[in-house]
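Asks: Could you have a look at this structure, given as structure tokens, before my questions?
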Amino acid sequence: MKQNILKRWLVVLLVALVGGPAALAQQSKIAVASFTRMETDITARVTAPKKDQNGEICALIRIVTNVKDLMFEPDALGITARENKTGEIWVYVPRGARRISILHDELGILRNYFYPEIIEKGTVYEMVLNTGDAQDKPVVENNMQFFVLRPEPANANVYIDDELVPIENGLFSATMPKGEHTYRVEAPMYVSDAGVVTLADEQVIKSVTLKPRFGYMEIFSLPEQDADVYIDSVLVGKTPYRSDRMAIKEYKVRIEKQTYFPIDTVLNVTAGETVRPTFHMESTIKPKVPMNTLIMLQAGYNPNGTSYGAMLGFGRKNGFYVGFRSDFGSASGELECNEAGVISGSEQTAPPFYKEGTTNSSRMSITGGYFRKLGRSFYLYAGAGYGTRSLTYELAAPVTIGGKEYAEGTQVKDTDKSATGAAAELGGIVTFGKFCVSLGYHTVNFKYHEVTGGIGLIF
């Protein structure tokens, strides 16, 4: 017994917490002691009939009470008329009325009392109230029970036994006949929920949370915000963008901003979720590539000699350079000869006129040209300029040519192995971060040839 009493108090406390004023209506002093159909009462049909706005005879509810200043709130069908009688209040209602609320400033509120019978036209019903007054002595019947339904969202439509019922403070509360009742909760963009609730000896408090049929979008853009957002070709705002509720489906999304390439994509909105893409936009203005400086030390190889030089260049994807190379030697011949050893103006060929193993050479060229970046770490260069290469021998003994005597040691230039004139070069450069290496080809007058290589920096 104590457990039942404790349980009832806990239920009352829970109703007070979750239902607020609507749930506390159950604790008012107003209660329905009985509700009876008066089969032999002809007041509504013959003695004092009244018609509703559709011209149909109303039903009469004779409310037995000594309290005359009660107020009534009907359902959507309304109340056609009210008359205060001795010991009664007569309330005329249209056929099909389902419920009524009874209010009093001091006695409280009986919220949404559902008639236990179907209200028929021209029929009289007796409702006996118990208001706690000493003069009210009827025995309260136990065929009614209190029911509270809390929908989420709070503005959802609630149907009880297929009738749309009012929601106050986010709750539906009513005193209803015991037994099974159907409920249905609906709201736009939510999945409807329906079921059956059974009212018995304990009051029922039920929460119904609808599952959403919508989601949201939050769209961001980088490196800048304030980009236009189009959803299904409609301009909806700018980034950062937060949508209202959106139906569950795929949407075509377009992001646009001046001086950036537009972005088109498809986003899928799912139930109860927020899709949060961040779009990285690419500028239509090409970024200015910084000027690079190339410094390279080079060496050239030919079976008859080696040269050394340097290259200095400036550019971005395209650039220019100047180069210099030399063997830092000195060779100047007063006489000339060919590769066979014949001195110009002389027929002496043997024994050799020159000292075996003694040669002098000079090598120099100045070039300028163009280089281009062909890949992430590869450059191609080509250039032209002026170059010389001289190879001389020394006379082993004095000779007389054209009546002129040339002393021992006089230098004789080998015209077949010497070149003067246009210089040209072609090669490639590979970078490793700021370091680079080169490999190329260099020629003077297409008569003297070198393979070149180098190492340097590009920054």
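Asks: Report the relative contact order of the range 214-280, percent, no decimals, based on alpha-carbon pairs under 8 angstrom and at least 6 residues apart.
Replies: It comes to 43 percent, rounded to a whole number.
Asks: Between R276 and K211, what is the spin-label point distance in nm, taking each point 7 Å from the Cα along the Cα→C-beta axis?
Replies: In this crude label model, R276 to K211 measures out at 2.4 nm.
Asks: Another one. Quick check: residue separation of V196 and F328 times 0.36 nm, minus the Cα distance between them. What number comes out in nm?
Replies: Taking V196 through F328 to full extension adds about 36.8 nm, to one decimal.
Asks: Around Y115, under 13 Å between beta carbons, what's the net of Lys plus Arg minus Asp minus Glu among the other residues?
Replies: My count for the surroundings of Y115 gives -2.
Asks: Can you run phi through the Karplus equation (6.51, -1.76, 1.60; θ = phi - 60°) for the range 427-439 and list ³J(HN,Hα) in whole Hz, with x for Gly and Pro?
Replies: Listing the rounded values in order: x, x, 10, 10, 9, 10, x, 8, 8, 8, 10, 10, 8 Hz.
Asks: Turning to a different aspect of this structure: Which ordering of S243, S326 is given by a fewest-first count of other beta-carbon atoms within 10 Å?
Replies: Ascending Cβ contact count within 10 Å gives the list S326, S243.
Asks: A follow-up question, please. Between E73 and A247, how high is the FRET efficiency from 1/(1 + (r/R0)^6) when r is the Cβ-Cβ distance and R₀ = 41 Å? Nearest 0.05.
Replies: 0.65
Asks: Moving to a separate point now. Taking the 0 to 90 degree range and rounding to the nearest ten, how far is the long axis of helix 2-19 tilted relative to the main principal axis of the chain, both from C-alpha atoms?
Replies: Approximately 60 degrees, to the nearest 10.
Asks: Put a dot 7 Å past each Cα toward the Cβ at A310 and L297; how far apart are the dots in nm?
Replies: 1.0
Asks: If R0 is 35 Å, what FRET efficiency do you get for A340 and F378 from their C-beta distance, rounded to 0.05?
Replies: With R0 = 35 Å, the Cβ-Cβ based efficiency is 0.20.
Asks: Next up: For C436, C58, what's the fewest-to-most ordering of other Cβ within 10 Å of each Cβ?
Replies: C436, C58
Asks: With 10 angstrom as the radius, rank H280, H181, H104, H442 by how many other C-beta atoms surround their C-beta, starting from the fewest.
Replies: H280, H104, H181, H442
Asks: Next question, about the same structure. Which trypsin sites (Lys or Arg not before Pro) in the range 202-305 pass both tests, a DSSP loop state and at most 11 other beta-carbon atoms within 10 Å?
Replies: K249, K288
Asks: Per DSSP helix of 4 or more residues, -39500 (n - 2.57); summed, then divided by the residues of the chain. What does that give at 222 nm, rounded to the nearest 500?
Replies: It lands at -1500 deg cm²/dmol.
Asks: HN-Hα J couplings of the range 365-371 from phi, Karplus 6.51/-1.76/1.60, θ = phi - 60°, integer Hz, Gly and Pro as x?
Replies: Once θ is set to phi - 60°, the couplings for the range 365-371 become 7, 10, 10, x, x, 10, 10 Hz.
Asks: Just order 114-120, 146-152 by mean Cβ neighbour count inside 10 Å, highest at the front, would you?
Replies: Final packing ranking: 146-152, 114-120.
Asks: Now a separate question. Using θ = phi - 60° and the Karplus curve 6.51 cos²θ - 1.76 cosθ + 1.60, what whole-Hz ³J(HN,Hα) does each residue of the range 211-220 get, with Gly and Pro shown as x?
Replies: 7, x, 10, 8, x, 9, 10, 10, 10, 10
Readers should treat all values here as calculations from the given coordinates under stated rules, not as data from a laboratory. Computed from a predicted model, the values in this text were never measured in an experiment. Here the Cβ is made from the backbone with ideal geometry for all residues, glycine too, and neighbour counts use every protein chain on show.
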